[in-house]
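This report refers to the structure that appears directly beneath it.
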Amino acid sequence: MLYAYNILKSLGLKVELPMILEMDNKGAVDLADSWSVGGRTRHIDVRMHFLRELKSQGLLVIKHVPGDADIFTKNTTAAVFNKHVRNFVGNDEYVEVEVQDNPPS
């Protein structure tokens, strides 16, 4: 996200700040929102606190969005895959992407 921000700025394009990072992992959102250290979180490397620094600079907002699993990190059903794949492929009349739950043997 920061990489895309730097490329757009170098091209002279305006980038609306703060950038919004949406996550479906409530624990990760809570960890990024909280500066408190305790339990297992005290062992997190300093590099991992980078998102907190971006938040404090006003460059980033981390937002929890409940919802379906995304197709890149989790196993999904065919219905969920077909729902998400349209976001990447679009509604192109020449591209037909449809996955069945039980492929024919």
Can you confirm whether Asn75 is polar (S, T, N, Q), exposed (fewer than 12 other Cβ atoms within 10 Å of the Cβ), more than 26 Å from Ala4 (Cα to Cα) and modelled with pLDDT under 75? no
So if I check each of Arg52, Arg42, which one is within 30 Å of Glu16 (Cα to Cα) and either modelled with pLDDT of 65 or more or not in a loop (DSSP other than H, G, I, E, B) (or both)? Arg52
Taking region 21-32 and keeping residues of a type in the set (D, E, K, R) and free of Cβ contacts under 8 Å to residues at least 24 places away in the same chain leaves Asp30
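Out of region 1-20, which residues are in contact (Cβ under 8 Å) with a residue 12 or more places away in the chain and open to solvent by less than 80 Å² (accessible area, probe 1.4 Å)? Reasoning before the result, please.
The first filter runs over region 1-20 and keeps only residues in contact (Cβ under 8 Å) with a residue 12 or more places away in the chain, leaving 1-2, 5, 17-20.
The answer is Leu2, Tyr5, Leu17, Pro18, Met19.
Considering only region 65-72, I want to know if a residue exists there that is closer than 24 Å to Met1 by Cα, modelled with pLDDT of 80 or more, open to solvent by 70 Å² or more (accessible area, probe 1.4 Å) and not β-branched (Val, Ile, Thr). Steps first, please.
Restricting attention to region 65-72, the residues satisfying the condition of being closer than 24 Å to Met1 by Cα are 65-72.
Within this subset, residues satisfying the condition of being modelled with pLDDT of 80 or more are 65-66.
Imposing the further condition that a residue be open to solvent by 70 Å² or more (accessible area, probe 1.4 Å) reduces the set to 66.
From what is left, the residues that are not β-branched (Val, Ile, Thr) are 66.
Yes, region 65-72 contains at least one residue that is closer than 24 Å to Met1 by Cα, modelled with pLDDT of 80 or more, open to solvent by 70 Å² or more (accessible area, probe 1.4 Å) and not β-branched (Val, Ile, Thr).
The values are calculated or read from the model by the stated rules, or taken from the named source; none is laboratory data. None of these values were measured; they are calculated from a predicted model. Glycine also receives a Cβ, built like all others from the backbone with ideal geometry; neighbour counts cover every protein chain displayed. All accessible areas refer to the heavy atoms of the entire protein, side chains included, with ligands and DNA or RNA removed. Shrake-Rupley method; radii C 1.70, N 1.55, O 1.52, S 1.80 Å.
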